[in-house]
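A short worksheet on the structure shown next.
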Amino acid sequence: MGLNTRWIELPVVHKRLLLFSVAAAAFFLLLALRLWYLQIISYDRYTERSMRNRTRVLSLAAPRGPIYDRNGVLLVDNRPSFTISVMRQDVDDLELLLAKLSELLEIDIASLKERWTKGSRFPIYRPVPMALDVSREVMERVTEHSTDLPGVLVEVFPVREYLEKGSEAHLVGYLGEVTEDELSQNLFEGLQPGDYVGKLALEKAYESYLRGQKGQRLVEVDVKGKLLKQLEVDPAQPGNKIFLTISRDVQRAADQAFGDQAGAAIALDVRTGGVLAILSRPTFDPSLFVHGIESEDWSELLADSRHPLQNKALSGLYSPASTFKMVVALAALREGIERSQRVIDCDGSFTLAEARFRCWKKDGHGKTDLKKALRESCDVWFYQVGLELGIDKLEVAAREFGLGAPVGFPLAGEKSGIIPSRSWKRQRFNKPWYGGETVIAAIGQGYVLVTPIQLAVMTATLASHGDVLQPQIIQRIEDWNGTVLQENSPKLIRHLDFPAEAWRAIDKGLVAAVNEPHGTGSAARLADVIIAGKTGTSQVVRRKSDEEELGEQQEVPYRFRSHALFVAYAPADNPEIAVAVVVEHGQHGGSAAGPIAKAMFESYFKGQQQSVATVLDEGG
């Protein structure tokens, strides 16, 4: 009997029961297969989805490395900053959320919408910052209303803090948001849009050392995106410590002595080339750039006619004026053209062909030797000697001292300046060189242009009697375990070969300029330290229209006033520190630049006395 016959013979009720049983068995079989698929085959995938729904991975910003001075005094650090951010995937009603945030943060809705739109370029898992560096009061206000603010987070970020404000802005630099071009470079691997990196000076040049390594934390959230608890933490690694050659006290002394004047000041360690101070004025506050500078502040900096964004210590070009005279004298002594005892009669002017070149002292200095010429800055003595030396030999000597070319400063921005020669003028203007131009060059005017850092290197070379050292700003770099990653030692570029008696003659003249009667640098004199120095007054180039504008005015307008310069080293018998100061439109090197140098010397030697006293107190 076949199955069909048996099926036909079954009662109707049995047929229905059998069909129901088969259907139920099939249903439960499918259900079991589905459960097996979900719990066995797709377990990992759905577990991950579940975790994503209730957890968030938040990035932990790494503090940048601190920067210290040569004595371990903190110059640049980080401080905690509260940021109000929003997770986009947790927001259902954006308009309502922004309205609530606007009231709590006291920020207009239009600004919040702009920040929301800007944040859309971030990855979806990254919070959108809506308010940066808010006060503790605002942070607490937002936290109190957290139940009504789905997706809103209070994050803590390290923010750069520049403890010396603007006095070291051109040395330290500032931060800015990483650009698309930078993100494509290996140096910025691992960064994302919205991250900040060094944009100028030390912050930029040592980015790889200063930038730490980001961390992250895994947190559990509720259905509204509110943080419930922290599950895991991978802490951020701070950047490395950088110790500079800078002395904070000498830097401060220069800054305070400058007041509201414009210009630059540099102090070098004669023995190592280490930069003890480097100042450019006017300056700016690098804290303005911490969260992106406001357009009004940026426009104000750009519009300032005294150029606060320019590092004048490296890129300011000035005629060295009488601070150049030592190079002329040394070159003449080496060539045998001049002897320090040679006397030239200065009656107030020097005549070449039909041209008359005046000395700064109208009635002249009378009979003048090298010592007197340096002490009282007699122009006529150097007119005569410079003309006999010739521009080409003068150019060679000047370049030996590091003038007219970058000195190898470890930060970008150095300009070369100009040390003229016959070939230079022929190439530049296609004209011959004239004797009168040599006369002007011999007192550091005319085509001669140098930077303050070049003047500082020249002065340190004079102090050491011939060692041209490369300036350095980094003493050492350490990680947080104390391991030294980089340590710098003195770098001798070259040694200059001048007769010993020539160096001694220059020393005597510069000591006299500061410490003897009629010396032009007496404003820099110290009671207990012998300083050797030289003043300079650099005339500002004027056009014919400028002269017409001046007319019969009794007082020269600021922009037409001469620049004031002063270079010096001390102690004169065993130099440790060399200083170069340029005060724009300061008129007289002795009265304007000399006191600034004096303040720097006072700070340096006071610091030494304090160090000795500390050692004695400790029984050293």
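Might you let me know whether the range 302-323 holds any residue that is of a type in the set (Phe, Trp, Tyr) and closer than 30 Å to residue 208 by Cα?
We begin by selecting, within the range 302-323, every residue of a type in the set (Phe, Trp, Tyr); these are 318.
The next check asks that each one be closer than 30 Å to residue 208 by Cα; those that pass are none.
The answer is no, given that none of the residues of the range 302-323 is of a type in the set (Phe, Trp, Tyr) and closer than 30 Å to residue 208 by Cα.
Okay, residues lined up against (1) small (Gly, Ala, Ser); (2) more than 30 Å from residue 473 (Cα to Cα); (3) free of Cβ contacts under 8 Å to residues at least 40 places away in the same chain; (4) in a helix (DSSP H, G or I):
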{"site": "396", "(1), (2), (3), (4)": "no, no, no, yes"}
{"site": "413", "(1), (2), (3), (4)": "yes, no, no, no"}
{"site": "423", "(1), (2), (3), (4)": "yes, yes, yes, yes"}
{"site": "427", "(1), (2), (3), (4)": "no, yes, yes, yes"}
{"site": "436", "(1), (2), (3), (4)": "yes, yes, no, yes"}
{"site": "439", "(1), (2), (3), (4)": "no, yes, no, yes"}
{"site": "447", "(1), (2), (3), (4)": "no, yes, yes, no"}
{"site": "458", "(1), (2), (3), (4)": "no, no, no, yes"}
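Taking the options 469, 403, 449, name whichever one is closer than 23 Å to residue 358 by Cα, out of contact with any His (no Cβ under 7 Å at 6 or more places or on another chain) and either of a type outside the set (Ser, Thr, Tyr) or in the same structural domain as residue 344 (by TED's automatic domain parsing) (or both). First the steps, then the outcome.
On the way: 469 fails: closer than 23 Å to residue 358 by Cα; 403 fails: closer than 23 Å to residue 358 by Cα.
Of 469, 403, 449, the one residue that is closer than 23 Å to residue 358 by Cα, out of contact with any His (no Cβ under 7 Å at 6 or more places or on another chain) and either of a type outside the set (Ser, Thr, Tyr) or in the same structural domain as residue 344 (by TED's automatic domain parsing) (or both) is 449.
Is it true that some residue in the range 463-481 is modelled with pLDDT under 95, in a loop (DSSP other than H, G, I, E, B) and closer than 19 Å to residue 273 by Cα?
There is no residue in the range 463-481 that is modelled with pLDDT under 95, in a loop (DSSP other than H, G, I, E, B) and closer than 19 Å to residue 273 by Cα.
Suppose we filter the range 195-216 for residues that are buried (at least 17 other Cβ atoms within 10 Å of the Cβ), under 23 Å from residue 121 (Cα atoms) and in contact with an Asp or Glu (Cβ under 8 Å, 6 or more places away or on another chain); how many remain?
4
So residue 307 passes all but one of these: (1) crowded, with 24+ Cβ neighbours inside 10 Å; (2) more than 28 Å from residue 572 (Cα to Cα); (3) of a type outside the set (A, V, I, L, M). Which condition number does it fail?
With respect to (1) crowded, with 24+ Cβ neighbours inside 10 Å; (2) more than 28 Å from residue 572 (Cα to Cα); (3) of a type outside the set (A, V, I, L, M), residue 307 is out only on (1).
Do we have residue 493 as more than 22 Å from residue 406 (Cβ to Cβ) and at pLDDT 95 or above here?
Working: more than 22 Å from residue 406 (Cβ to Cβ): no; at pLDDT 95 or above: yes.
Taking the combined requirement at face value, the residue does not satisfy it.
Tell me, yes or no, whether the range 64-80 has at least one residue that is buried (at least 18 other Cβ atoms within 10 Å of the Cβ) and within 28 Å of residue 220 (Cβ to Cβ).
Looking through the range 64-80, none of the residues is buried (at least 18 other Cβ atoms within 10 Å of the Cβ) and within 28 Å of residue 220 (Cβ to Cβ).
Give the residue, chosen from 319, 299, 349, that is among the hydroxyl-bearing types (Ser, Thr, Tyr) and within 30 Å of residue 162 (Cα to Cα). Before you say what the answer is, go through the steps one by one.
On the way: 319 fails: within 30 Å of residue 162 (Cα to Cα); 349 fails: within 30 Å of residue 162 (Cα to Cα).
Checking each option against the conditions leaves just 299.
Given the options 454, 472, name the one that is surrounded by fewer than 22 Cβ atoms within 10 Å (Cβ to Cβ) and not hydroxyl-bearing (Ser, Thr, Tyr).
Working: 454 fails: surrounded by fewer than 22 Cβ atoms within 10 Å (Cβ to Cβ).
Step by step, each of 454, 472 is checked, and only 472 is surrounded by fewer than 22 Cβ atoms within 10 Å (Cβ to Cβ) and not hydroxyl-bearing (Ser, Thr, Tyr).
At pLDDT below 90, surrounded by 18 or more Cβ atoms within 10 Å (Cβ to Cβ) and within 22 Å of residue 78 (Cβ to Cβ): which single residue out of 221, 290 fits that description? Give the steps one after another, and end with the answer.
Working: 221 fails: within 22 Å of residue 78 (Cβ to Cβ).
From the options 221, 290, the qualifying one is 290.
Are there any helices (runs of 4 or more DSSP H) wholly within the range 284-339 with 1 or more residues that are touching a residue at least 24 places away in the same chain (Cβ under 8 Å), and if so which?
Numbers: elements: 295-303, 312-315, 325-335.
It comes to 312-315, 325-335.
Six or more apart or on different chains, Cβ under 7 Å: which pairs go from a residue in the range 124-141 that's assigned by TED's automatic domain parsing to the domain that holds residue 81 to one that's of a type in the set (A, V, I, L, M) and part of a loop (DSSP other than H, G, I, E, B)? Could you list them?
If the second residue must be of a type in the set (A, V, I, L, M) and part of a loop (DSSP other than H, G, I, E, B), the pairs left are 127/87; 131/107.
Could you give every pair whose Cβ atoms fall below 9 Å, whose first residue belongs to the range 572-584 and is surrounded by fewer than 24 Cβ atoms within 10 Å (Cβ to Cβ) and of a type in the set (Gly, Ala, Ser), and whose second residue is outside any loop (DSSP other than H, G, I, E, B) and modelled with pLDDT of 95 or more, counting only separations of at least 6 or pairs across chains?
That search, which allows pairs on different chains as well, returns 572/463; 572/507; 572/510; 572/511; 572/514; 572/515; 572/532.
Quickly run through the range 44-94 and pick out the residues that are outside any helix (DSSP H, G or I) and either more than 30 Å from residue 161 (Cβ to Cβ) or modelled with pLDDT under 85 (or both).
Taking the range 44-94 as the starting set, the residues that turn out to be outside any helix (DSSP H, G or I) are 55-87, 91-93.
The answer is 55, 56, 57, 58, 59, 60, 61, 87, 91, 92, 93.
Conditions: (1) at pLDDT 95 or above; (2) crowded, with 19+ Cβ neighbours inside 10 Å. Residue 340 meets all but one. Number of the miss?
Looking at each condition in turn, residue 340 falls short on (1).
Quick one: which residue in 404, 386, 408 is assigned to a helix (DSSP H, G or I) and small (Gly, Ala, Ser)? Give the steps one after another, and end with the answer.
Working: 404 fails: assigned to a helix (DSSP H, G or I); 408 fails: assigned to a helix (DSSP H, G or I).
The conditions single out 386.
Looking only at the range 106-165, filter to residues that are closer than 15 Å to residue 87 by Cβ and among the polar types (S, T, N, Q); which one of those is surrounded by the most Cβ atoms within 10 Å (Cβ to Cβ)?
The selected residue is 146.
Find the residue count for the range 520-535, including only residues that are surrounded by fewer than 24 Cβ atoms within 10 Å (Cβ to Cβ), among the small types (Gly, Ala, Ser) and in contact (Cβ under 8 Å) with a residue 12 or more places away in the chain. Don't jump to the end; show me each part of the working.
Residues of the range 520-535 surrounded by fewer than 24 Cβ atoms within 10 Å (Cβ to Cβ): 522-523, 525-530.
Applying the additional criterion that residues be among the small types (Gly, Ala, Ser) yields 522-523, 527.
Filter once more, so that each one left must be in contact (Cβ under 8 Å) with a residue 12 or more places away in the chain: 522-523.
Here the count works out to 2.
The values are calculated or read from the model by the stated rules, or taken from the named source; none is laboratory data. Keep in mind that what you see is a predicted model, and the values were worked out from it rather than measured. So basically every Cβ, Gly included, is an ideal-geometry build from the backbone, and we count neighbours across all protein chains shown.
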